[in-house]
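Asker: One structure follows; several queries about it will come next.
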Amino acid sequence: MSELKEGNSKTESVSLEPRTFKVSGMTCNSCVNTVERALNSMPGVSATVNFAAETAHVLAPAEVSGKEIIKTIESAGYESKEVGDNEAITLHSKKSATALIFALIFTIPVMAFSMIMSLHKELGKWLATWVPGIFENFNWSVPTNHQMISSALLILSGPVVLLVALPIHRASIRNLFHPTMDNLISLGSLTAYFWSIYATWYDLESVYTEVSASIVTLVILGRYLESRAKRSASSALSELLKISTKEVTVKRGGLPILIPVEQLEIGDIFVVNPGQRIATDGVVVSGASSIDNSLITGESIPVEVAPGDRVIGATVNQNGRLEVRATRVGKETEFARITAMVISAQGEKAPIQRMADRISAIFVPIVTTLALATFAFWRYINSESTAKAIEIAVSVLVIACPCALGLATPVALLVASGRGAQRGIVLRKPSALERAKTITDVVLDKTGTLTTGVMKVVQATVVPEAAAVLGSTWQSIATEAKILESAASIESQNSHPIAEAIVRYAKITKPLSVSEFQITPGAGAAGRVFLGSQSAIVIIGSPAAVAHSAVAFHPKIAKAIADAESAGYSVSVLAWEGVALAVFAVGDSIKSDAQSAVSVLNSRNIDVWLLTGDHKDVAINTAHAVGIHENHIVAEASPEAKIAHIKKLQSDGKNVLMIGDGVNDAAALAAADLSMAMGTGTDTAIATADITLTNPALKSVTDALDLSKKTLGTIRGNLLWALIYNVIGIPIAALGFLHPMYGAAAMALSSLFVVTNSLRIK
């Protein structure tokens, strides 16, 4: 709950509730501003609109109903509905795909036949000049069926200009006083089309149906590409909701009852079987197990829990049956708070400005005024015919049509996406391009980002001579190979990540026979292993657990334990018949290129931070290994602490790049100026991030920054060319030196340049 202080002459505290609304029909940032102005004009309401996710994030007093907010959005000209707590925010690109296919079906034949008609006479003149004697007496006049063909082209282009472009025309009307690209697109396409109707009626040669249809089709193509990117970018909340448990078994009246998780109450005792997610935050009242908290805390090592220990909702129970008493439910749970942070961070205004829309704000009225002035000049001052004046005015509008402006961004993004995908870099949000060049600080998660995310035996210390206390018979079979074989045989019965790491390390082909096997959560595993001539009770677990049932550790064993614990590794000790024979130091291995990647970032004067939920000792050792300064380590960080650190850096004037892979990183990823998610991470992190790195190598980070900068530079070059083209072309057209046909050709060449320039992105 939030508080807002407002009032004309008095200050009062008003309780505000956060709500999320789906907003449909927005086409640019001007639409965002329109919706925000409408919502923020409501008493007590504070709202931000996310264009990429097509959502409005509203803080409103409880007495303001959702219907009132929806009515306000609809009065601004957009469709809306409230998104519930358990409802995913979805976007669909099916409508734009259908519109694109429909437009292409009609536009392609229109352009083909129009070009034949337009170039008919010009081709004859060229052939008569360069190939005399053959074509000079050929009749190159306009075909007698010219009017019929023009009428057919009007019929074909009509559905594109009038139906497919209908949303564009509506948006143009809505934004009449705040012009956007829609205004220019609508004006150019409709003017060219209605002029073509006039020209066809009077059987004039200047028909521009291909211009009107192609403008709309190219814009729809850009919108379709944008729609696909937006759908991917807005799926963070949906992915979070998929993680949560839908039903839970509760003990009421001594009987287990399956109920929806929404009906859980504080104090309820619920059951969590192995492999299930914990329904809500609570305290263990019965049972013991290992809990995988990685999605919430970022810790790679499972946490052992027993009666009295706290557990977090949405985490995974691995190997024991638990009974848990609910302590927090609904919106108060840790999982719900993380979800809320993601929503809040996505609702904050990002420093994104769309160059094309800024340009169009002044470009549209200027071009419109200039076209009208051109018509007036030629008709009333220069005393030309109405048809001639219209033709020249149309030339101005045609040459000014924003095809190049419309293609500047989507084509560059399309090429960059293809080039990036080849290198394991997926651009998810166009806003990343604007912010990549300003990054001053890089914040790295540890598990799955700097490290592989897979538990590995970092160091194994095997001490066969320690078996001497058991006698010569035992010492003769206590070889290093047999000790490792016995460890793997016990751990092969266990699904714990540390156990799996030890099995992988031992590389045994066939486990030894094991009987009397048992697991003690928090301690380890034990069983009778048949070693050939002997069978032994073999224990493998934590040093403290093994020490209870073992003789004093051999000096080499004790030293290995101390060294591993000081390095922050998880330690497992193997004992035969109460004698410790081996020590396994298990940790998350650092990526091979982590150190070089950090070095490259430092060489670019970018400060590198380590922000992790892991223990401080583990964080320090990881930072030292990759070259991160000790002052740039934040360990044991909760999701709240991570987002707080991001905001602290931003308040100091830093532009922050966050790189992570877990649900616990999602809020920090959304809050950062730029975010990247490892492709091996959770779907939530991937959906939240601006850029996804499918290549696990950290070199992809610098490659992504370079690609972003190149793409942004290309977009700016495209926009600059489009402007120069218009600055030069419009005066030529206004002076009557540019026939609309050549204007259309120039427009096509301008678009071709933009596409060609975008293909240079590597």
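Asker: Any chance the stretch 343-353 includes a residue that's surrounded by 24 or more Cβ atoms within 10 Å (Cβ to Cβ), modelled with pLDDT of 70 or more and either closer than 26 Å to residue 31 by Cβ or more than 45 Å from the chain's Cα centre (by Cα) (or both)?
Answerer: no
Asker: Quick check on my filter: what residues within the stretch 614-664 are part of a loop (DSSP other than H, G, I, E, B) and either in the same structural domain as residue 571 (by TED's automatic domain parsing) or surrounded by fewer than 19 Cβ atoms within 10 Å (Cβ to Cβ) (or both)?
Answerer: The answer is 615, 627, 629, 636, 638, 652, 653, 654, 655.
Asker: Turning to a different aspect of this structure: Criterion first (acidic (Asp, Glu) and over 28 Å from residue 531 (Cβ atoms)) does residue 565 satisfy it?
Answerer: Taking the combined requirement at face value, the residue satisfies it.
Asker: Restricting to the stretch 672-697, count the residues that are surrounded by fewer than 24 Cβ atoms within 10 Å (Cβ to Cβ) and part of a helix (DSSP H, G or I).
Answerer: 2
Asker: Still on this structure, please answer the following. Which residues, counting only those in the stretch 471-490, are in contact with a Leu (Cβ under 7 Å, 6 or more places away or on another chain) and free of Cβ contacts under 8 Å to residues at least 40 places away in the same chain?
Answerer: Scanning the stretch 471-490 gives a single hit, 485.
Asker: Please give the number of the condition residue 593 fails out of (1) surrounded by fewer than 20 Cβ atoms within 10 Å (Cβ to Cβ); (2) free of Cβ contacts under 8 Å to residues at least 60 places away in the same chain; (3) out of contact with any Gly (no Cβ under 8 Å at 6 or more places or on another chain).
Answerer: Looking at each condition in turn, residue 593 falls short on (2).
Asker: Here are the criteria: (1) out of contact with any helix residue (DSSP H, G or I) (no Cβ under 8 Å at 6 or more places or on another chain); (2) among the charged types (D, E, K, R); (3) closer than 21 Å to residue 458 by Cβ. Tell me which single one residue 556 does not satisfy.
Answerer: (1)
Asker: Quick check on the stretch 597-649: of everything there that is within 26 Å of the chain's Cα centre (by Cα) and among the hydroxyl-bearing types (Ser, Thr, Tyr), which residue is modelled with the lowest pLDDT?
Answerer: So, considering only residues that are within 26 Å of the chain's Cα centre (by Cα) and among the hydroxyl-bearing types (Ser, Thr, Tyr), the one modelled with the lowest pLDDT is 638.
Asker: Starting from residues that are of a type in the set (Asp, Glu) and over 13 Å from residue 17 (Cβ atoms), keep the ones in the stretch 34-67 and report whichever is surrounded by the fewest Cβ atoms within 10 Å (Cβ to Cβ).
Answerer: So the first thing to find is which residues in the stretch 34-67 are of a type in the set (Asp, Glu), and the list is 36, 54, 63.
Within this subset, residues satisfying the condition of being over 13 Å from residue 17 (Cβ atoms) are 36, 54.
Numbers: 36: 17, 54: 23.
Within the stretch 34-67, the match that is surrounded by the fewest Cβ atoms within 10 Å (Cβ to Cβ) is 36.
Asker: So residue 512 fits all but one of (1) part of a helix (DSSP H, G or I); (2) more than 20 Å from residue 559 (Cα to Cα); what number is the exception?
Answerer: (1)
Asker: Residues of the stretch 515-543 being over 46 Å from the mean Cα position of the chain (by Cα), in a loop (DSSP other than H, G, I, E, B) and buried (at least 16 other Cβ atoms within 10 Å of the Cβ), which ones?
Answerer: Scanning the stretch 515-543 gives a single hit, 531.
Asker: Please work out if residue 567 is touching a helix residue (DSSP H, G or I) at 6+ places or on another chain (Cβ under 8 Å), surrounded by fewer than 24 Cβ atoms within 10 Å (Cβ to Cβ) and aliphatic (A, V, I, L, M).
Answerer: For residue 567, the condition - touching a helix residue (DSSP H, G or I) at 6+ places or on another chain (Cβ under 8 Å), surrounded by fewer than 24 Cβ atoms within 10 Å (Cβ to Cβ) and aliphatic (A, V, I, L, M) - is met.
Asker: Does residue 562 count as without any contact (Cβ under 8 Å) to a residue 24 or more places away in the chain, among the hydrophobic types (A, V, I, L, M, F, W, C) and part of a helix (DSSP H, G or I)? Even if it seems obvious, please write down each step before you answer.
Answerer: Values: without any contact (Cβ under 8 Å) to a residue 24 or more places away in the chain: yes; among the hydrophobic types (A, V, I, L, M, F, W, C): yes; part of a helix (DSSP H, G or I): yes.
It is true that residue 562 is without any contact (Cβ under 8 Å) to a residue 24 or more places away in the chain, among the hydrophobic types (A, V, I, L, M, F, W, C) and part of a helix (DSSP H, G or I).
Let's see how each residue does on (1) exposed (fewer than 14 other Cβ atoms within 10 Å of the Cβ); (2) more than 25 Å from residue 498 (Cα to Cα):
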position: 248; (1), (2): no, yes
position: 257; (1), (2): yes, yes
position: 268; (1), (2): no, yes
position: 281; (1), (2): no, yes
position: 289; (1), (2): no, no
position: 292; (1), (2): no, no
position: 305; (1), (2): no, no
position: 319; (1), (2): no, no
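The values are calculated or read from the model by the stated rules, or taken from the named source; none is laboratory data. Small disclaimer: the values here were computed from a predicted structure and weren't measured. Backbone-built Cβ (ideal geometry, glycine too); neighbour counts: all protein chains shown.
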